[in-house]
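A short write-up of the structure that comes next.
The values are calculated or read from the model by the stated rules, or taken from the named source; none is laboratory data. If you're wondering where the values come from, they're calculated on a predicted model, not measured in any experiment. Every residue, glycine among them, receives a Cβ derived from its backbone with ideal geometry; neighbour counts consider all protein chains shown.
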Amino acid sequence: MNKQSLAKSEFCKLSVVLAVRNEEENIARCLNSVKDIADEIIVVDEYSTDKTVEIAKKYGAKVFEEPHHDIFHVTKQKALDYATGNWILQLDADEVVTPELAGEIEVVIGGQWLVTSDAKKQKLFRRHQELLEKRDGLIGKQTGEVVGYYIPRKNMFLGKPLIHAGVYPDGVIRLVKKGKARFPQKSVHEQIQLDGGVGWLTNDLEHYDSPTLKRYFIRLNRYTDLQAQELKEDKVPKNAWFIIQYSLFKPLYIFLNLFIRHSVFKDGVRGFLWSFFSSLHYPIAYFKYLTAKNDS
């Protein structure tokens with residue numbers, strides 16, 4: 001083994017991990033985008049009934065079976081735990097690592113520090129992180145060591161990326177050091193927790209979550225089920241005032257905030273549909289909660 005190979009083996013081993021369920025339409029595209037940078041691929045599968053596992057194994061993935069969990073982050077944590085690399089890249093099956101991002105990841109885990117010279121992007125990234133921390137609290141810890149990286153994500157909606165609506169950069173912490181990151185496993189919207197500092201990569205991760213309206217509605221149904229459960233746990237009142245809030249005021253605010261304030265009208269019809277369907281999350285989740293049986 002030469003010195004370069006030894007250095008990669010000891011210090012820069014990268015595990016790519018995925019938690020999946022019935023992703024035969026997406027997983028090949030995802031794994032193909034990381035096959036040249038991954039030292040190992042870990043797939044934790046929630047008993048898929050399609051060809052997900054078969055496809056994963058064709059890419060040399062180590063596949064582990066796991067029962068389905070309503071909070072999918074339980075399975076994502078399992079994937080983190082199975083990884084043996086010094087660094088872990090956690091992906092969803094409908095995401096694609098661009099060649100530019102792959103090269104940047106290799107540089108970063110090799111020990112080099114990258115800072116984007118794009119002032120506009122730096123400002124955008126800082127603003128996005130401030131909004132996340134306002135919602136979720138401080139992310140990471142001031143230990144003097146960067147143990148995780150946000151990756152800007154470009155969301156594809158009906159065949160093209162959404163640029164406005166506050167959708168970009170949609171930063172997600174995906175590149176983390178082994179043993180320094182974990183999922184709280186309490187909510188679908190939770191941030192991964194880091195035992196150290198957090199930085200930003202510059203190049204985009206492509207997210208093909210809603211290539212068709214059918215796919216979008218499947219995801220909407222799943223997320224509003226989880227949101228309804230959160231409303232139940234928070235014991236949100238069931239009365240006329242809250243019906244008005246969740247069926248009128250909240251969706252109207254979301255729609256106007258996206259369509260006007262964040263200029264999603266510049267994305268044309270796709271922008272209108274994104275804003276409209278996003279505003280429906282509140283009433284759908286609330287009425288699921290309101291009409292749920294066996295309510296305790």
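Any residue at all in the stretch 96-115 that is among the polar types (S, T, N, Q) and closer than 15 Å to Gly171 by Cβ? I'd like the intermediate steps shown before the answer.
Pass one, the stretch 96-115, residues among the polar types (S, T, N, Q): 98, 112.
In the following step, the residues that additionally are closer than 15 Å to Gly171 by Cβ were identified as none.
Checking the stretch 96-115: not a single residue is among the polar types (S, T, N, Q) and closer than 15 Å to Gly171 by Cβ.
Taking Asn239 and the conditions (1) within 27 Å of Glu100 (Cβ to Cβ); (2) polar (S, T, N, Q); (3) exposed (fewer than 15 other Cβ atoms within 10 Å of the Cβ), which numbered condition does it fall short on, given that it satisfies the others?
Unmet condition: (1).
Cβ-Cβ distance below 8 Å, separation of 6 or more or different chains: which pairs start in the stretch 86-115 with a residue that is in the same structural domain as Lys180 (by TED's automatic domain parsing) and surrounded by 14 or more Cβ atoms within 10 Å (Cβ to Cβ) and end on one that is assigned to a loop (DSSP other than H, G, I, E, B) and of a type in the set (Gly, Ala, Ser)?
From residues that are in the same structural domain as Lys180 (by TED's automatic domain parsing) and surrounded by 14 or more Cβ atoms within 10 Å (Cβ to Cβ), the pairs are Leu89/Ala38.
Within the stretch 1-28, restricting attention to residues that are surrounded by 15 or more Cβ atoms within 10 Å (Cβ to Cβ) and in a helix (DSSP H, G or I), which residue is modelled with the lowest pLDDT?
Across the stretch 1-28, the extreme among qualifying residues is Lys8.
Take Val269 and tell me if it is over 30 Å from Val108 (Cα atoms), among the β-branched types (Val, Ile, Thr) and free of Cβ contacts under 8 Å to residues at least 40 places away in the same chain.
Spelling it out, Val269 is indeed over 30 Å from Val108 (Cα atoms), among the β-branched types (Val, Ile, Thr) and free of Cβ contacts under 8 Å to residues at least 40 places away in the same chain.
Where in the stretch 215-296 are there helices (runs of 4 or more DSSP H), lying fully within it, with 1 or more residues that are over 20 Å from the mean Cα position of the chain (by Cα), at pLDDT 90 or above and farther than 21 Å from Met156 by Cα?
Per the criteria, 240-244, 250-256, 281-291.
What number goes with the only condition from (1) without any contact (Cβ under 8 Å) to a residue 40 or more places away in the chain; (2) closer than 22 Å to Arg215 by Cα that Lys76 does not pass?
(1)
For the stretch 254-296, enumerate the residues that are crowded, with 18+ Cβ neighbours inside 10 Å, polar (S, T, N, Q) and more than 19 Å from Thr212 (Cβ to Cβ).
Ser279
Would you say Val188 is in the same structural domain as Ala19 (by TED's automatic domain parsing), at pLDDT 90 or above and of a type in the set (Val, Ile, Thr)? Working first, answer last.
On the way: in the same structural domain as Ala19 (by TED's automatic domain parsing): yes; at pLDDT 90 or above: no; of a type in the set (Val, Ile, Thr): yes.
For Val188, the condition - in the same structural domain as Ala19 (by TED's automatic domain parsing), at pLDDT 90 or above and of a type in the set (Val, Ile, Thr) - is not met.
Taking interchain pairs and intrachain pairs at least six residues apart, which have beta carbon atoms under 6 angstrom, with the first residue in the stretch 122-147 and of a type in the set (Phe, Trp, Tyr) and the second surrounded by 12 or more Cβ atoms within 10 Å (Cβ to Cβ)?
Phe125/Trp200
What are the residues in the stretch 157-171 that are closer than 18 Å to Trp274 by Cβ and free of Cβ contacts under 8 Å to residues at least 60 places away in the same chain, if any?
If the condition is that a residue be closer than 18 Å to Trp274 by Cβ and free of Cβ contacts under 8 Å to residues at least 60 places away in the same chain, then Gly159, Pro161, Tyr168, Pro169, Asp170 are the ones that fit.
Going by what's in this entry, would Lys154 be described as out of contact with any helix residue (DSSP H, G or I) (no Cβ under 9 Å at 6 or more places or on another chain), within 27 Å of Ser278 (Cα to Cα), basic (Lys, Arg) and assigned to a helix (DSSP H, G or I)?
no
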